[in-house]
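Novice: Would you mind keeping the following structure in view while I ask a few things?
The values are calculated or read from the model by the stated rules, or taken from the named source; none is laboratory data. Just so you know, these numbers come straight off a predicted model, no measurement behind them. In this analysis, Cβ positions are derived from the backbone assuming ideal geometry, glycine residues included, and neighbour counts consider all displayed protein chains. For accessibility, only protein heavy atoms count, side chains too; no ligands or nucleic acids. Shrake-Rupley method; radii C 1.70, N 1.55, O 1.52, S 1.80 Å.
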Amino acid sequence: MKKPTLTILLANPRGFCAGVDRAIEIVERALDKFGPPVYVRHEIVHNRYVVEGLEAKGAVFVEDLAEVPEGVPVIFSAHGVPKTVPAEAEARRLFYLDATCPLVSKVHREAERHARAGRQIILIGHAGHPEVIGTMGQTPKGSIMLVQSVAEANALEVEDPERLAFITQTTLSVDDTAAVVDVLKRRFPNIHGPKKEDICYATTNRQQAVKAIASQCDVMLVVGAPNSSNSQRLVEVARKLGCHKAMLVKRAADIDWAALDGVLRLGVTAGASAPEVLVEEVIAACRERYDVIMEEITVTSEDVQFKLPRGLSAVPAEA
Ligand code: SF4
């Protein structure tokens, strides 16, 4: 029987960013250098496939430093950690490596700078996300207020509008954040902050690529994990731009094929923590059921690379 035709619009950039690449490489090189087990506090990046792959090589993932035994290295995830975590590691004389993305560390430094200047800090972000917990833990307790929406920005009460600053989570919706920043700047004209926000290049570019294809797609599949902030934002961006059937899939097995019934144009993208192999798996599953025509839509190219921590860069990645 002849397969129906399906055009796949493949967003580019998609998938792994420089911060995720670096974090995974830190775990792999630590395993090569020190041998298993290497402990990792929290999922190194928010993707089960990646985590399970590293577990198979000898990484052990824990949520609490208390679970790390003496004498083994521990790595902090790409999302960043509150200052209490390295302090606790030092107190216990644990050897640790910090895989915090340098673009998250940059926000940590902004927070410290504002705190030193005596400013009350507003963090735009999502409660409970590890990056938000890490950023709020860079300055003394109570010095950062979390704002999650335009409504919260409108209702916010501050101590002194002249001594105020804002910072943001790196993986937010560019448009939603701009709306929150607009409210803050209107209400507190002398607020300090970055030019626009602290959303990273990878989040921005992946949202741009989704915007470029969303209105042409009947359905959009975003390959990513439910706890991946930037992946969730891609689903929202696609829906807002006119692709109402945008859905997150962890991998091909999650695809709701009934939802693809009669679909002619399918958008495919991936969050910054989703490996390309899972995108390939999704496309291969489509090829089994459809006569697929591929169109890749590229909005920009990326060449960002981050250095590894000292002590790891001399070891070959695949020893
Ligand atoms: S999504 Fe952005 S902030 Fe997060 S790891 Fe990637 S580059 Fe860094």
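Novice: Check Glu276, Glu302, Glu288, Glu295 and return the single one that is acidic (Asp, Glu), surrounded by fewer than 17 Cβ atoms within 10 Å (Cβ to Cβ) and free of Cβ contacts under 8 Å to residues at least 24 places away in the same chain.
Specialist: After ruling out the rest, the residue left standing is Glu288.
Novice: Next question. Among the candidates Val27, Val107, Val132, Val81, single out the residue that is within 16 Å of the ligand (Cβ to nearest atom), crowded, with 21+ Cβ neighbours inside 10 Å, part of a loop (DSSP other than H, G, I, E, B) and of a type in the set (Val, Ile, Thr). Lay out the reasoning, then the answer.
Specialist: On the way: Val27 fails: part of a loop (DSSP other than H, G, I, E, B); Val107 fails: part of a loop (DSSP other than H, G, I, E, B); Val132 fails: part of a loop (DSSP other than H, G, I, E, B).
Every option except Val81 fails the conditions.
Novice: Let me ask something additional. Got a sec? Which of Glu63, Glu52 is more than 16 Å from the ligand (Cβ to nearest atom) and either within 20 Å of Arg29 (Cα to Cα) or modelled with pLDDT under 95 (or both)?
Specialist: Unique residue meeting the criteria: Glu52.
Novice: Assess whether Arg92 counts as being open to solvent by 70 Å² or more (accessible area, probe 1.4 Å) and of a type outside the set (Gly, Ala, Ser).
Specialist: Taking the combined requirement at face value, the residue does not satisfy it.
Novice: If you scan the stretch 203-219, which residues turn out to be closer than 16 Å to Phe16 by Cβ and surrounded by fewer than 21 Cβ atoms within 10 Å (Cβ to Cβ)?
Specialist: Within the stretch 203-219, just Thr204 meets the criteria.
Novice: Within the stretch 260-272, does at least one residue satisfy the condition of being surrounded by 14 or more Cβ atoms within 10 Å (Cβ to Cβ), among the polar types (S, T, N, Q) and in contact with a strand residue (DSSP E or B) (Cβ under 8 Å, 6 or more places away or on another chain)?
Specialist: The answer is yes, given that some residue of the stretch 260-272 is surrounded by 14 or more Cβ atoms within 10 Å (Cβ to Cβ), among the polar types (S, T, N, Q) and in contact with a strand residue (DSSP E or B) (Cβ under 8 Å, 6 or more places away or on another chain).
Novice: Among the listed residues Val38, Val20, identify the single one that is buried (at least 20 other Cβ atoms within 10 Å of the Cβ), β-branched (Val, Ile, Thr) and either under 20 Å from the mean Cα position of the chain (by Cα) or at pLDDT below 95 (or both).
Specialist: On the way: Val38 fails: either under 20 Å from the mean Cα position of the chain (by Cα) or at pLDDT below 95 (or both).
The conditions single out Val20.
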